[in-house]
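Scroll down for the structure; my scribbles are underneath it.
Just so it is clear, none of the values below were taken in a lab; they were calculated from the coordinates. Here the structure is a predicted model, which means the values were calculated and not measured. Methodologically, a virtual Cβ is constructed for each residue, glycine included, from the backbone with ideal geometry; neighbour enumeration extends over all protein chains shown.
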Amino acid sequence: MWEKRSQPASTSYFFRQSYVDLGNIIKYAWRNNANKASEYGGHISNCFDEHGLWGIFQALFYIFATISMYVFGSIICAVISTLHIAALLTFNFAVYLFALTLRLFEQIYISIHKIFGACPYCKNHYKIPVYICSCGAEHTYLVPGKYGIVKRKCNCGRKMPTSVLTGRAKLRAKCPECGHLLDNSLGVQEAVPICVPVIGGPSVGKTCYITAVMKEMIEKVAPQTGISIQFYNQSNEIACKKMISLYNMGALQDKTSDLNPAAYNFFINNGKNGPQKLFYFYDIAGEAFTTSEALTTQKQYEYSHGFIFMVDPLSIPRVREKYGTDAMYDLYAASTADINETFDSFMRNLSTISGLSSKELSKIACAIVVNKIDAYDLSAKIGQKAIEKMLLLEENKKYTLETMMDMQVKQYLNSNGMSNFVKNVAMCFKHTRFYAVSSLGHIKNGQVFESNMVLAPFAWIVSRVDGDMRTVFKQYYEK
Ligand SMILES: Nc1nc2c(ncn2[C@@H]2O[C@H](COP(=O)(O)OP(=O)(O)O)[C@@H](O)[C@H]2O)c(=O)[nH]1
Ligand SMILES: [Mg+2]
Ligand SMILES: [Zn+2]
Ligand SMILES: [Zn+2]
């Protein structure tokens, strides 16, 4: 029940020293009693030697005193020892109960808010990080228990809070799996992670998409809803701001060459009390689907809250047949990866890595995002404006923009020879939504990029798993 791992801290009084003290007190009382009894006993023989009849009286007195000491003294000692033991046990039991209650409260708090750790470096997830005292000592399991209930005393003498409810998350910490220090801009170690990987073959537009979503979150959602967005650390902030400033100039980021996916990690605070929300927006390099060694770098699949699977419509064979000979075609940097193969490979990786059954996996939401709809006639067919026009028709009144778009995108894919893909998605995931977006708005022509519909899939996934964020996005869309 208590700590299995030994900790660099002294054991709490109630878990050890109180019993040692009790033992000593009882031992002392009994010894004292026995000493007194034998002291009286020692007087008996002396009485006969010196005092005659008076001596006999005295001897009788000492015999009586010795016997009483042994009998009544022992009884009193026994009663007092028993009372002492009972009092200590009762008190300690109350202390243990308090510790357990605190542990229980914390467990409830953690599970209500869905707090867990996800290492931004090795991607492993864990329940509690290794906390580090200012002296450098590492506490692998800092919880209320035998080393302290509300606080624990490190071997160096410093006190450390033992619970998220009492400020534990503000201490320095490191990942229990890879040992990387988890220093971050907020100095918060236990937060509510919201993990959304963006998946798709090379050049479908994942990096452009993430940039466009981050731009909208920072430049529009945050000022309009009052949430504050803070990057996990400086290198994350620099990387993301650089991408956004390139985007604002109509320029593009170099390709993701690293197999290890980049993650855009940021905290969102909506001004309410409660744990911080830490977003992990993963940009998974397309090459990761074609090489098996990349499997180990995708541990974040184990705890994803939803997937964004990106599709480049220009890589659909029938669409490519239609436009492939066009002089402009190359400017869209069409992905050459086969959509079905990428999806199959993603599903294979997903079940291998997560260890979840296909039934469990099917409960995770999956948005299918058809990108680059600024190309050719795509936006006229499935783009936001076209859908809004359809919604004006009487027979479509029952649909929302997103449900109508979902139907139209599926229909577009079906009519372009992609019905197997559409079926496959429906077989693998219970909660899906198809979107048509443009991450850039137009091909690179020196003008500022302008995205369309990029936030909707992200907001749909996040709103499904987080009530506070649902309110934030609702407020944003209602403005
Ligand atoms: N016209 C247009 N081109 C896009 C769009 N999104 C991406 N691209 C193009 O696709 C290329 C690859 O995008 P990128 O985000 O790097 O793909 P990734 O490999 O999936 O990360 C970019 O260099 C752009 O030329 C879009 O919405 N519209
Ligand atoms: Mg990329
Ligand atoms: Zn210490
Ligand atoms: Zn780690």
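Grab the beta carbon distance between I108 and V79, set R0 = 25 Å, and tell me the FRET efficiency rounded to 0.05. E between I108 and V79, to the nearest 0.05, is 0.05.
With neighbour counts taken as other beta-carbon atoms within 10 Å, the residues D283, D312, D21 rank, fewest first, as D21, D283, D312.
At 222 nm, what helix-only mean residue ellipticity would the chain give, in deg cm²/dmol to the nearest 500, using -39500 (n - 2.57) for each DSSP H run of four or more? For the chain, the value works out to -14500 deg cm²/dmol. Every Cα-Cα pair in the chain was counted, and those over 40 Å apart are 41% of them. Ordered by the count of other Cβ atoms within 10 Å of each Cβ, fewest first, S185, S203, S228 give S228, S185, S203.
Answer rounded, prolate or oblate for the range 13-113, using the Cα gyration tensor with square roots of eigenvalues a ≥ b ≥ c: rounded when a/c is under 1.5, else prolate when a/b is larger than b/c, else oblate.
Prolate.
When the chain is described by a simple charge dipole with +1 on each Lys and Arg Cβ and -1 on each Asp and Glu Cβ, the residue from A37, I149, I373 located farthest towards its positive end is A37.
Once the Cα atoms are used to define both axes, helix 419-428 deviates from the longest principal axis of the chain by about 10 degrees. Each of T400, T432 has some number of other Cβ atoms within 10 Å of its Cβ, and from fewest to most they run T400, T432. May I ask for the angle, rounded to the nearest 10°, between helix 467-478 and the longest principal axis of the chain, with both axes built from Cα atoms and the value confined to 0 to 90°? Helix 467-478 sits at roughly 30 degrees to that axis.
Using a simple spin-label model with pseudo-atoms 7 Å out from Cα toward Cβ, N124 and L356 lie 2.1 nm apart.
If you count the DSSP beta bridges with both ends in the chain, what percent of them are antiparallel, to the nearest 5? All intermediate terms of the calculation are to be shown ahead of the outcome.
Numbers: 25 of 45 bridges.
Within the chain, antiparallel bridges account for around 55 percent of the total.
Determine the gain in length on full extension of the stretch K27-N155; use 0.36 nm per residue of separation and subtract their C-alpha separation, reporting nm with one decimal. Let's see the in-between values first.
Numbers: separation 128, 0.36 × 128 = 46.08 nm, distance 2.98 nm.
Separation in residues times 0.36 nm, less the Cα-Cα distance, equals 43.1 nm.
In a Debye calculation with equal point scatterers on the alpha-carbon sites of the range 416-466 and no solvent, what is log10 I(q)/I(0) at q = 0.14 Å⁻¹? Normalising to I(0) and taking log10 leaves -0.56.
Each Cα pair under 8 Å and six or more residues apart adds its sequence gap; the mean of these over the residue count of the range 13-113 is a relative contact order of 31 percent. The tail of the calculated P(r) for the range 192-478 beyond 31 Å holds 24 percent of all Cα-Cα pairs.
At a Förster radius of 30 Å, what calculated FRET efficiency corresponds to the Cβ-Cβ distance of D344 and S415, to the nearest 0.05?
0.85
For the chain, the Cys residues with no second cysteine's beta carbon closer than 4.7 Å are C47, C77, C195, C208, C240, C366, C428. Overall, the ratio between the Cα radius of gyration of the range 146-248 and 2.2 N^0.38 Å, rounded to two decimals, is 1.47.
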